[in-house]
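Values in this text are rule-based calculations from the coordinates and carry no lab data. Please read all numbers here as calculations on a predicted model, not as lab measurements. All Cβ positions, glycine included, derive from the backbone under ideal geometry; neighbour counts span all protein chains shown.
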Amino acid sequence: MEVQSSHHSHRQQVCEVIGRAVFELIRCGQAVEPRNIILILQLQGAQASSDQQKHLYLLARHSVTEGLP
């Protein structure tokens, strides 16, 4: 049961990261398109301070590209 809860939490974090990227695009007046979301996620991931955060941004980019699991 804990594995499923962990998966849900992880997925929620990915969704939150994507949501923040979308918010940033809207705030800047940019088109909310997958390629723009991925660019924002790449920039934010490059600025992330921990490997865990960098991995989260990588998963978020993958989710935008492939669709959420």
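What is the distance, in nm, between label points placed 7 Å from the Cα along the Cα-to-Cβ direction at Phe23 and at His10?
2.4 nm
Mind telling me which of Val32, Val14, Val22 comes out most flexible in a GNM of the chain, alpha-carbon contacts under 10 Å?
Val32
Please give the charge dipole size of the chain, origin at the Cα centre, charges +1 on K and R Cβ atoms and -1 on D and E Cβ atoms. Round to the nearest 20 debye.
Computed about the Cα centre, the dipole is about 160 debye.
Would you calculate the separation in nanometres between label points at Gln42 and His55, each defined as 7 Å from the Cα along the Cα-to-beta-carbon direction?
2.3 nm
For the stretch 46-51, take each phi angle, set θ = phi - 60°, evaluate the Karplus expression 6.51 cos²θ - 1.76 cosθ + 1.60, and give the result in whole Hz per residue in order, putting x for glycine and proline.
5, 8, 4, 8, 10, 5
Please state, as a whole number in µm²/s, the translational diffusion coefficient that the Stokes-Einstein equation yields for the chain at 10 °C and 1.306 mPa s, with Rh defined as the Kirkwood radius across alpha carbon pairs.
Rounded, D is 129 µm²/s.
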